[in-house]
Structure formats: C-alpha cells, structure tokens
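Just below is one structure, and these are the notes that go with it.
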Amino acid sequence: MAPPRPPNGSPPFASEPSAASNGGLYAAAVLIWGSTWYAITFQLGMVHPILSVAYRYIIAAALLIGFCLARGKTLRFDPRDHLGIAAQGAFLFSLNYVLFYIAASHLTSGLLALTFSTIVLMNMLNGAWLFRFSVSGEVLAGAGLGLSGMTLVFWPEVTAVEASRETFFAIGLCIFATYLASLGNMGSVYTQRRRLPVVQTNALGMAYGAVITLLVAAGAAAAGQLEFAFDPSFPYLASLIFLALFGSVLAFGAYLTLLGRIGADRAAYATVLFPLVALAISTAFEDYRWTSSAMAGTVLILAGNVLVLRGRRRVKKAPPPS
C-alpha cells in the first residue's frame with residue numbers, strides 16, 4: 001500500500017517550513033561535516049578505522065535512543081518499517097564507511113571528497129527512479145558547476161594520481177560506496193514518506209549500522225586483518241565523542257530532515273560544500289596553501305550552490321493504485 005498523501009497532492013512530508021529554518025539545517029550540516037575531517041585525523045593510530053566507525057555509531061545510537069526514551073518517543077515500528085530503517089543504517093551508517101576506509105589507503109583525501117561529491121547526481125537518478133522525482137534545469141546546472149569546481153579545487157591531487165590496478169580498484173570502491181550512501185539517502189526518503197520521525201529512525205538506523213560494522217570488524221579480525229583495540233587517550237576520546245555527537249547525531253539529523261523538506265538532490269549539495277570548510281580549517285591549522293585553481297573552483301562551487309538552492313523539486317504524479 002502506498003504511503004498516505006496530503007489531500008492537495010503535495011509531497012508527503014511535513015508542512016512547508018520557513019527558508020530560514022532550512023538554511024539553518026543546511027549550514028549546520030555543512031559546517032559540522034566540514035570540521036569532522038580535522039577530527040578524524042585524531043582517530044588514526046592504534047585503532048583500526050572500521051572499529052572507530054563502529055565505536056562512533058554505538059555512541060551515537062546510545063545517545064539518540066537514550067534521548068528518545070527520556071522524551072517518551074516511541075521506538076516501536078512494524079517489520080516493514082524496520083526493514084527500511086535497517087537498509088538506511090546499513091548503507092548510510094556502515095557499509096559506505098567501511099568501503100571508503102578500504103579505499104583511503106590508496107587515494108588522497110581530495111580524491112575521496114571529489115568522488116563522494118557525485119552523490120548529488122546519484123541522488124537525482126535514484127530519486128527519479130525510485131520516487132519519480134524530476135529535477136529542474138537549475139539544480140542540474142548547479143550540480144555540474146559544483147562538480148567542476150571540486151575538480152579544480154583538488155586538481156593537483158587529480159593530476160598526481162598514478163594509473164595502477166590498485167588506484168582504479170580504489171576509485172571503483174569509492175563510487176560503489178557513494179552509491180550505497182545514496183541508497184541510504186533514499187531509505188530516509190522512504191521512511192519520511194511513511195511519516196516516520198527522523199530522530200527515532202536515525203536512532204535505530206545508527207544502531208543497525210553499528211551492529212553491521214561490528215560484524216564486519218569481527219570477520220576481518222577472524223581473517224587476521226585487524227585487532228580489536230581501544231585508545232583511551234584524550235585526543236582519541238574527544239574526537240570520537242565529537243564525531244558521534246556532532247558529526248553523527250546532529251549533522252545527520254539536520255541533513256536528513258533537510259532531505260525530507262527540499263529533496264535528496266538539493267540537500268546532497270552539502271557534500272560539495274563541506275570540503276571547502278575542511279580546507280578552511282586546514283588553512284588555519286595545517287598550513288594549507290590555496291592555488292589559483294582552488295580559488296576558481298571555490299567560485300564555481302558557490303555559484304552552483306546558489307543554483308541548486310534556487311531550483312525546485314517536482315514530483316511526477318503517481319498512477320492510481322490498481
């Protein structure tokens with residue numbers, strides 16, 4: 001049975017919020033995720049990255065579930081809803097991270113960011129395929145400007161790539177991981193179309209993601225690929241809590257709420273913008289030096305952002321149920 005629709009035929013999300021409210025959610029996602037790149041550098045060391053992802057989402061899920069229980073928010077959903085939530089958890093909070101971390105040993109952070117930014121186009125295609133969303137020319141043009149700008153920003157890293165089997169395999173993993181993340185975005189669209197609340201679905205989705213990541217880590221440990229460990233040092237713990245609370249609970253809450261309001265194609269442009277925040281932080285703390293191509297790329301990215309946020313999502317009328 002199709003999810004209920006409002007009588008006026010508009011998309012089945014909450015009532016239209018103000019532009020200021022959406023702008024606040026958009027800014028929160030961009031600024032927080034831009035800062036997580038620096039926080040992740042403190043996670044690298046004695047703990048395998050896949051384990052760090054598991055720890056991050058265990059904490060995030062515990063925080064959100066505790067919040068729901070304290071506020072009396074129900075966590076009971078029917079099996080069909082749990083299937084959608086589990087898919088969102090697997091694709092958005094688990095498997096995409098695992099694949100990206102495997103690829104990260106062969107690619108620079110710039111190439112990882114450039115590849116992940118293609119989620120803008122993937123969300124457009126998946127939205128059209130799964131939910132009959134059509135995309136305006138402004139949104140498509142803005143996405144093209146943004147991806148072109150990303151290429152210019154990271155052009156030195158693009159040209160420095162050595163053509164090898166390992167490199168092409170890593171790029172393929174990144175593309176597949178990005179597509180999984182896009183499917184996770186579609187999982188959130190599905191649950192919000194069924195009018196499931198974002199906070200509770202994120203709480204359960206992150207719990208599912210943490211369990212799946214732990215199972216992957218256990219399999220890798222059994223194969224001798226990693227050892228279970230934990231780093232009690234202050235830098236590791238502080239960055240882990242920051243990533244769990246801000247990078248997961250708050251940023252994903254803001255982003256997925258925005259996704260339900262303005263569409264997965266437009267919300268995903270945040271993934272093009274937050275590398276600029278990361279580079280600004282790197283300029284302050286890591287002596288990053290801006291090149292002329294990076295500055296030109298930044299102009300294109302910002303111009304694309306204007307076009308994307310001006311564009312309107314349209315929904316094709318669904319055929320009557322048989």
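Under 5 Å from the amide H of S134 lie the amide H atoms of R314, V315, K316, each residue being 5 or more positions distant or on a separate chain, with H modelled from the backbone and absent for Pro and chain starts.
With θ taken as phi - 60° and the Karplus curve 6.51 cos²θ - 1.76 cosθ + 1.60 applied, the whole-hertz 3J(HN,Hα) list for the range 126-136 is 5, x, 5, 6, 8, 10, 6, 7, 9, 10, 6 Hz, x standing for glycine and proline. Karplus-derived 3J(HN,Hα) values for the range 149-161, using 6.51 cos²θ - 1.76 cosθ + 1.60 with θ = phi - 60°, are x, 4, 4, 5, 4, 9, 4, x, 6, 5, 6, 8, 5 Hz; glycine and proline are entered as x.
When peptides 191-199, 41-49 are ranked by their average number of other Cβ atoms within 10 Å per residue, the highest-first order is 191-199, 41-49.
Going by the alpha-carbon gyration tensor, a ≥ b ≥ c the square roots of its eigenvalues, is the range 82-226 rounded (a/c under 1.5) or, if a/c is not under 1.5, prolate (a/b greater than b/c) versus oblate? Taking the square roots of the gyration eigenvalues as a ≥ b ≥ c, the range 82-226 is oblate. State whether the range 48-315 is rounded, prolate or oblate according to the following rule on the C-alpha gyration tensor (a ≥ b ≥ c being the square roots of its eigenvalues): a/c under 1.5 gives rounded; otherwise a/b larger than b/c gives prolate, and the remaining case gives oblate. It is oblate, given that a/c is not under 1.5 and a/b is not larger than b/c. Derived scalar couplings between HN and Hα for the range 223-234 equal 8, x, 8, 7, 10, 5, 8, 8, 9, x, 5, 4 Hz in order, rounded to whole Hz, by the Karplus curve 6.51 cos²θ - 1.76 cosθ + 1.60 (θ = phi - 60°), x for Gly and Pro. Find how many whole Å separate the alpha carbon centroid of the range 111-179 from the alpha carbon centroid of the range 253-310. Between the Cα centre of the range 253-310 and that of the range 111-179, the gap is 13 Å. Oblate is the label for the range 18-162, because the ratio a/c of its alpha-carbon gyration tensor axes (a ≥ b ≥ c) is 1.5 or higher and a/b is not greater than b/c. Each residue, I241 and L302, gets one label point 7 Å from its Cα in the Cβ direction; the gap between the two is 3.6 nm. Each peptide in 267-275, 226-234 receives the mean, over its residues, of other Cβ atoms within 10 Å, and ordering these scores from highest gives 267-275, 226-234. For a paramagnetic label modelled on F67 (point 7 Å from Cα along Cα→Cβ), amide N atoms under 18 Å away belong, within the range 78-98, to 89, 93.
A short reminder: the numbers here are calculations on the coordinates, not readings from a lab. None of these values were measured; they are calculated from a predicted model. When we count neighbours, we look across all protein chains shown, and the Cβ atoms used for this are built from the backbone with ideal geometry, even at glycine.
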